[in-house]
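**Student:** There's a structure below that I have some questions on.
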Amino acid sequence: MIYGTIAVLIRGFCIDLTGKPQFVVYERAGQGKIPAHALALEIRLGESEEGTVGVIQKAYTAWKAEKSAAAGEVPLPSCAAVYTDGKLAALYWIDNDLDSARKRLTEQNDSPRAGTPAISGEVINAAERAAVVKNRVTLVTGGAQGIGEEIARSLAAAGAVVFIADLNLEGAQKLTDQINTIEQRTAALALAVNVADEQSVEAMFSAIAESSGGLDLCISNAGVLKAGSVLEQDLADFKFVTDINYTGFFVISKFAGRLLRLQHLTAPAWKTDIIQINSKSGLEGSNKNGAYSGGKFGGLGLVASFAMELVEYNIKVNAVCPGNFLDGPLWSHPEKGLFAQYLNTGKVPGAKTVVDVRAFYENKVPMKRGCTGKDLIRAIYYIVEQEYETGQAVPVTGGQVMLH
């Protein structure tokens with residue numbers, strides 16, 4: 001991942017200069033000339049990450065001395081050229097948003113930029129909360145449908161660039177096209193991924209690094225559910241649920257953590273987030289649904305453990321534990337939905353129809369309704385905005401599960 005690694009380090013360096021999101025688009029350069037205004041980086045094959053950081057810092061010091069900027073501004077490169085043994089190997093095009101960075105690549109526009117230097121301890125304006133993810137690079141796994149789709153749409157509408165990753169690439173691409181049409185910009189990009197497969201996940205994060213330069217928010221949402229009694233459920237079904245809901249979160253966190261740690265090398269003050277979409281079933285047991293609940297309980301253990309480890313790199317790790325999304329396909333699908341499953345397994349005593357099952361679950365909630373995407377996205381925004389919180393499980397349950 002050498003080219004993706006360099007993209008992440010360049011992005012982090014520019015973020016550190018400005019305190020604001022940046023986008024980096026990678027271009028394999030072949031034998032071309034180094035653009036006149038590019039930040040030239042001579043990087044030896046096999047150079048360590050720390051060595052590359054030193055190269056970037058030294059090169060920028062020399063580059064900045066030749067550039068002019070207005071008072072109170074800092075010069076920023078719009079192109080970085082990497083060469084080895086005198087041969088140009090790659091170009092990285094940089095700007096404040098993804099479309100602008102892509103336009104620079106297309107036009108080969110290496111003219112320098114200017115930005116306001118990062119300021120530590122800035123006052124938070126509550127009116128700007130809605131923009132907490134604006135221009136952030138975000139990832140939503142299991143994003144092609146259901147609650148993942150709602151999260152992806154909401155993030156894009158709030159100004160983020162969203163990688164929609166799903167085993168169903170066709171569905172992810174269809175949603176991506178819809179979002180980009182609505183937002184009239186490159187607000188979403190589709191990726192294929194199997195969250196339980198390490199090679200698939202590693203390839204996904206490499207693609208993110210090379211097409212955007214890094215990541216700010218990773219939402220591990222992919223999940224499955226197969227209800228069943230402990231007395232009757234097949235081991236294969238139990239493993240299927242656990243592989244996606246529990247092991248999948250480990251695999252996502254592993255490679256997300258590696259990318260975000262790398263970015264931290266050049267942007268040490270920049271806080272990033274890994275958020276697991278957990279469940280209220282991670283906070284309390286679930287009758288005849290042990291595989292799902294057990295995996296979610298385990299997920300919260302991973303959240304707390306990863307939070308302790310990754311805080312060193314300014315990576316926050318938290319979970320959102322929503323109540324039941326009764327209007328989503330997980331519950332409402334006429335054949336595979338939980339209403340139908342719970343009716344067929346007799347989980348709800350006395351229920352004759354799926355309407356009876358729904359009423360049973362609505363009556364368990366003090367607010368008398370299921371959770372919605374709007375409820376969940378507000379919790380996500382809170383976690384991102386709150387810089388002094390990690391290792392937490394935030395319940396969004398309408399009062400069904402309360403704080404202890």
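The values are calculated or read from the model by the stated rules, or taken from the named source; none is laboratory data. All figures in this text were calculated on a predicted structure; none of them were measured in a lab. Glycine also receives a Cβ, built like all others from the backbone with ideal geometry; neighbour counts cover every protein chain displayed.
**Student:** Tell me, which residue of the range 389-404 that is surrounded by 15 or more Cβ atoms within 10 Å (Cβ to Cβ) and of a type outside the set (G, A, S) is farthest from L300 (Cα to Cα)?
**Tutor:** Q400
**Student:** Here's another thing I want to ask about it. Evaluate the range 172-194: report whether one residue or more is under 25 Å from L265 (Cβ atoms), among the polar types (S, T, N, Q) and touching a strand residue (DSSP E or B) at 6+ places or on another chain (Cβ under 6 Å).
**Tutor:** Within the range 172-194 (the criterion being under 25 Å from L265 (Cβ atoms), among the polar types (S, T, N, Q) and touching a strand residue (DSSP E or B) at 6+ places or on another chain (Cβ under 6 Å)), the answer is no, since none of the residues qualifies.
**Student:** Filter the range 213-246 down to the residues that are crowded, with 17+ Cβ neighbours inside 10 Å and polar (S, T, N, Q), then identify the one that is nearest to I315 (Cα to Cα).
**Tutor:** This residue is S220.
**Student:** R358 - would you say it is free of Cβ contacts under 8 Å to residues at least 60 places away in the same chain, part of a helix (DSSP H, G or I) and touching a strand residue (DSSP E or B) at 6+ places or on another chain (Cβ under 9 Å)?
**Tutor:** When the stated conditions are applied, R358 does not pass them.
**Student:** Mind checking which pairs have a first residue in the range 321-348 that is on the phi < 0 side of the Ramachandran plot and β-branched (V, I, T) and a second that is modelled with pLDDT of 90 or more and part of a helix (DSSP H, G or I), Cβ under 6 Å, 6 or more apart or different chains?
**Tutor:** V348/V357; V348/F360
**Student:** Within the range 324-338, track down each residue that is in a loop (DSSP other than H, G, I, E, B) and at pLDDT 85 or above.
**Tutor:** Hits for the range 324-338 are N324, F325, L326, D327, H333, P334, E335, G337.
**Student:** Is the range 81-96 home to any residue that is in contact (Cβ under 8 Å) with a residue 60 or more places away in the chain, surrounded by 12 or more Cβ atoms within 10 Å (Cβ to Cβ) and aromatic (F, W, Y)?
**Tutor:** yes
**Student:** Continuing with the same structure: Within the group Q341, Q386, which residue is assigned by TED's automatic domain parsing to the domain that holds K288 and either modelled with pLDDT under 95 or surrounded by 13 or more Cβ atoms within 10 Å (Cβ to Cβ) (or both)?
**Tutor:** After ruling out the rest, the residue left standing is Q386.
**Student:** Given the range 188-279, what strands (runs of 3 or more DSSP E) lie entirely inside it while holding 3 or more residues that are within 19 Å of T5 (Cα to Cα) and in the same structural domain as L17 (by TED's automatic domain parsing)?
**Tutor:** Passing ranges: none, list empty.
**Student:** Could you please find all residues in the range 24-48 being touching a Cys at 6+ places or on another chain (Cβ under 9 Å) and under 30 Å from K271 (Cβ atoms)?
**Tutor:** V24, A38, L39, listed by residue number.
**Student:** Which condition number does L17 fail, the rest of (1) surrounded by fewer than 14 Cβ atoms within 10 Å (Cβ to Cβ); (2) within 30 Å of the chain's Cα centre (by Cα); (3) within 30 Å of Q184 (Cα to Cα) being met?
**Tutor:** Going through the list (1) surrounded by fewer than 14 Cβ atoms within 10 Å (Cβ to Cβ); (2) within 30 Å of the chain's Cα centre (by Cα); (3) within 30 Å of Q184 (Cα to Cα), L17 breaks only (1).
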